Amino acid sequence: MDIKAMRKEKGLTQKQLAEQIGTNVRWVQKLEAGDIKIENITFLRAVKLIKALTPYDDEARIARDMYII
């Protein structure tokens, strides 16, 4: 899954995404760069990330792809 592409598709800046998931821009930058592995983020942060980047109908599919459920 390409977080950066999903963010851009939603028309969000890194700052906007960071605000929506309750983190800072540097964390988003590290995630997009691959310095933070998606499987190592907290469940709560993963849920917020899914909600910020996907329409409701796609949330379950994306969550399964991220091995959350």
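The values are calculated or read from the model by the stated rules, or taken from the named source; none is laboratory data. What you are looking at is a predicted structure, and each value in this text was computed from that prediction instead of being measured. We place every Cβ from the backbone using ideal geometry, glycine too, and count neighbours over all the protein chains shown.
Condition check for Q14 on (1) more than 11 Å from the chain's Cα centre (by Cα); (2) at pLDDT 95 or above; (3) polar (S, T, N, Q): one failure, at (1).
Looking only at residues that are among the polar types (S, T, N, Q) and in a loop (DSSP other than H, G, I, E, B) in the range 1-54, which one is surrounded by the fewest Cβ atoms within 10 Å (Cβ to Cβ)?
In the first step, residues of the range 1-54 are kept if they are among the polar types (S, T, N, Q); the result is 13-14, 16, 20, 23-24, 29, 40, 42, 54.
With in a loop (DSSP other than H, G, I, E, B) added as a condition, the list becomes 13, 23-24, 42, 54.
Details: T13: 12, T23: 16, N24: 12, T42: 8, T54: 17.
Per the criteria, the residue is T42.
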